[in-house]
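Each remark here refers to the structure printed beneath this line.
The values are calculated or read from the model by the stated rules, or taken from the named source; none is laboratory data. On a predicted model such as this, the values are computed, not experimentally measured, just so you know. Here Cβ is always computed from backbone atoms with ideal geometry, including for glycine, and neighbour counts include all displayed protein chains. All accessible areas refer to the heavy atoms of the entire protein, side chains included, with ligands and DNA or RNA removed. Shrake-Rupley method; radii C 1.70, N 1.55, O 1.52, S 1.80 Å.
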Amino acid sequence: FPNKAEIVVAVSKAHFEEERRISDEILESSENAVHELIMALRQMEATFRNISPKLIYEVQKYYPDAWRLFEEFKMNYVLPLVQDNLVKGIAEGYYRKEIHPEIVARMRVNQFEMGFQQDIFPIKDFKPSEIQVEFFHMYMFGLVTQKGRELLDKYLKPTISAIKPI
């Protein structure tokens, strides 16, 4: 590699490709929209346990090409994925029909970054994985119908061994 920036870009590309692969596996193996969310939650917990807010800040500030890759991944891959899950969950009767999928998807996708903003969540006071899980729980419980809540409760039970990170 000619410089450190190229290394950061290459690592970022590899990370996003792995995230796509995992997401594809989740989509293929999920039973329904709620199950898809729970599997994504487990994967997200594993991912965010290893990411430092300082890393996010440094990539954003010092490596604009790598940050651009993140923004593209977020808007061109994650956003449609989240929106498709919302549409699917509404059709299945697990999510409230009155939600606006595009608005809710954009809100959810942008929560990722907010959880790493140190002016909002200082690293000395908050763990990134705990912030993201809390966001995710608020998101999930805000989406579901009573039918969806029953399914969500079933999937959130720790005895369900099928719902683990891939």
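One line per residue, one yes/no per condition, for (1) at pLDDT 90 or above; (2) under 26 Å from Glu72 (Cβ atoms):
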{"position": "Asn110", "(1), (2)": "yes, yes"}
{"position": "Gln117", "(1), (2)": "no, yes"}
{"position": "Ile123", "(1), (2)": "no, no"}
{"position": "Ser129", "(1), (2)": "no, yes"}
{"position": "Gln132", "(1), (2)": "no, yes"}
{"position": "Phe141", "(1), (2)": "yes, no"}
{"position": "Lys147", "(1), (2)": "yes, no"}
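When Ile51 is evaluated against the numbered criteria (1) open to solvent by less than 40 Å² (accessible area, probe 1.4 Å); (2) closer than 16 Å to Lys147 by Cα; (3) outside any helix (DSSP H, G or I), which criterion, by number, is the only one it fails?
Single failed check for Ile51: (2).
If you go through region 37-75 one residue at a time, how many are polar (S, T, N, Q) and within 17 Å of Leu27 (Cα to Cα)?
First pass over region 37-75, keeping only residues polar (S, T, N, Q): 43, 47, 50, 52, 60.
Within this subset, residues satisfying the condition of being within 17 Å of Leu27 (Cα to Cα) are 43.
Residues that pass the stated criteria total 1.
Hey, does region 99-106 have a residue that's in a helix (DSSP H, G or I), modelled with pLDDT of 95 or more, of a type in the set (D, E, K, R) and closer than 20 Å to Val133 by Cα?
Yes, some residue in region 99-106 is in a helix (DSSP H, G or I), modelled with pLDDT of 95 or more, of a type in the set (D, E, K, R) and closer than 20 Å to Val133 by Cα.
Within the set of pairs 6 or more residues apart or between chains, which connect a residue that is without any contact (Cβ under 8 Å) to a residue 12 or more places away in the chain and more than 16 Å from Gln60 (Cα to Cα) inside region 108-137 to a residue that is among the small types (Gly, Ala, Ser) and surrounded by 16 or more Cβ atoms within 10 Å (Cβ to Cβ) with Cβ atoms less than 9 Å apart?
Close Cβ pairs (under 9 Å, with a partner that is among the small types (Gly, Ala, Ser) and surrounded by 16 or more Cβ atoms within 10 Å (Cβ to Cβ)) amount to Phe126/Gly115; Glu134/Gly115.
Does Glu18 qualify as being of a type in the set (D, E, K, R), farther than 20 Å from Ile131 by Cβ and open to solvent by less than 70 Å² (accessible area, probe 1.4 Å)?
Working: of a type in the set (D, E, K, R): yes; farther than 20 Å from Ile131 by Cβ: yes; open to solvent by less than 70 Å² (accessible area, probe 1.4 Å): no.
For Glu18, the condition - of a type in the set (D, E, K, R), farther than 20 Å from Ile131 by Cβ and open to solvent by less than 70 Å² (accessible area, probe 1.4 Å) - is not met.
When you scan region 29-44, how many residues do you find that are open to solvent by 40 Å² or more (accessible area, probe 1.4 Å) and either of a type in the set (A, V, I, L, M) or part of a helix (DSSP H, G or I) (or both)?
Residues flagged as open to solvent by 40 Å² or more (accessible area, probe 1.4 Å) and either of a type in the set (A, V, I, L, M) or part of a helix (DSSP H, G or I) (or both) within region 29-44 amount to 2.
Kindly establish whether Met140 is open to solvent by less than 20 Å² (accessible area, probe 1.4 Å) and not aromatic (Phe, Trp, Tyr).
So Met140 passes the test.
Condition first: assigned to a helix (DSSP H, G or I), under 25 Å from Arg49 (Cα atoms), among the charged types (D, E, K, R) and open to solvent by 30 Å² or more (accessible area, probe 1.4 Å). Can you find one or more residues in region 79-98 that meet it?
So far as region 79-98 goes, no, none of its residues is assigned to a helix (DSSP H, G or I), under 25 Å from Arg49 (Cα atoms), among the charged types (D, E, K, R) and open to solvent by 30 Å² or more (accessible area, probe 1.4 Å).
Are there any pairs with C-beta distances below 7 angstrom linking a residue in region 82-104 that is touching a residue at least 60 places away in the same chain (Cβ under 8 Å) and within 21 Å of Lys154 (Cα to Cα) to a residue that is of a type in the set (Val, Ile, Thr) and open to solvent by less than 80 Å² (accessible area, probe 1.4 Å), with the two at least 6 apart or on different chains, and if so which?
Every condition considered, the pairs that remain are Tyr94/Val34; Tyr94/Val144; Tyr94/Thr145; Tyr95/Val144; Tyr95/Thr145.
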